[in-house]
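See structure below.
Just so it is clear, none of the values below were taken in a lab; they were calculated from the coordinates. The structure presented is a predicted model; accordingly, all values stated were derived computationally and were not measured. Cβ sites come from the backbone with ideal geometry, for glycine too, and all protein chains shown count toward neighbours.
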Amino acid sequence: MDQPLAGKTIAILVANGFEEIEMTEPQRALLKAGATVRVISPEQGLVNGWHGAAWGHYFPVDRGIAEVLGADFDMLVLPGGTRSVAKLSQNPHTKRILSGFMDGGKPVAAIGDGVELLVHVQKAKGRTVAAPEAARAALTEAGATISEDAVVTDKVLVTAVGQDAVGSFVETLLKVFGEAAQVKKAA
């Protein structure tokens, strides 16, 4: 079985209210590709997803957001969910971790409301992104260019509009993350 991400550790950053499918679909694909996947969160013990119009399942938190560094991981996934993104945008550790990834040129994949975290950490300027309608004004004001495509790759940043594009998002992030892993391996 081909496992292009074997030996890579990937963080999924969420808080209570994240969109379940935007977390579980990438998580499943990354595990299948051989990656070690860790859920990091400001929540302790368990984090509660959002599914449809109601609270969803609980997922174990592997590490607290205050305990980790961007350097601990090779790649980062930012699922959406308005509650999750609102909570993460208020947490200073979110800025520290996401800035570490962006400044270090490490792969980041954000979907749905998760794309808006780029604004909160001042990393949207000069980026071309796909984003849900609700986040577009803030991203544009922060200097991002909004694409009409459902999924966009800007260097090693993958963004997607939301759940309707989750299949394409997962396929694209696997490609980008796999290419980044190969470049790092060759270096």
Spin-label model distance (nm) - D2 vs A137, 7 Å beyond Cα toward Cβ: 4.4
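Name the helices (complete DSSP H segments) of the chain with a Cα length along the long axis of 27 Å or more and a Kyte-Doolittle mean of at least -1.0, or state none.
Working: long enough: 166-186 (30 Å, 0.52).
In the chain, the long hydrophobic H runs are 166-186.
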Go ahead and estimate [θ] at 222 nm for the chain from helices alone: -39,500 (n - 2.57) per DSSP H run with n ≥ 4, summed, over the residue count, rounded to 500. -11000 deg cm²/dmol
Loop GluC sites (Glu not before Pro), segment 128-187, which have at most 11 other Cβ atoms in a 10 Å radius of their Cβ (DSSP): E148
Once label points are set 7 Å from the Cα along Cα→Cβ at both H51 and T9, what is their separation, rounded to one decimal in nm? 3.0
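Taking 1 over the mean of 1/r across every pair of different Cα atoms in segment 21-77, what Kirkwood radius in Å do you get? Show your work: numbers first, answer last.
Working: mean 1/r = 0.0804 Å⁻¹.
The answer is 12.4 Å.
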Here, D164 and R28, labelled 7 Å along Cα→Cβ, have an inter-label distance in nm of 2.2
Which of S84, S99, S41 has the fewest other C-beta atoms within 10 Å, and how do the rest follow up to the most? S99, S41, S84
Label assignment, Cα extents along the principal axes in Å derived from the structure, set (i) 51, 47, 32; (ii) 65, 52, 29; (iii) 40, 37, 30: (iii)
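Please give the FRET efficiency for T145 paired with D62, using the beta carbon to beta carbon distance and R0 = 30 Å, rounded to the nearest 0.05.
Working: r = 34 Å, r/R0 = 1.15.
For T145 and D62, the calculated efficiency is 0.30.
Quick one: which of K87/K155; K32/K87; K155/K175; K8/K95; K95/K175 span more than 24 angstrom between C-alpha atoms? Walk me through the numbers before you get to the answer.
Numbers: K87/K155 27 Å; K32/K87 30 Å; K155/K175 12 Å; K8/K95 22 Å; K95/K175 26 Å.
Distance filter (> 24 Å) returns K87/K155; K32/K87; K95/K175.
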For A71 and R83, calculate 0.36 nm times their separation in residues minus their Cα-Cα distance, and state this gained length in nm to one decimal. 1.7 nm
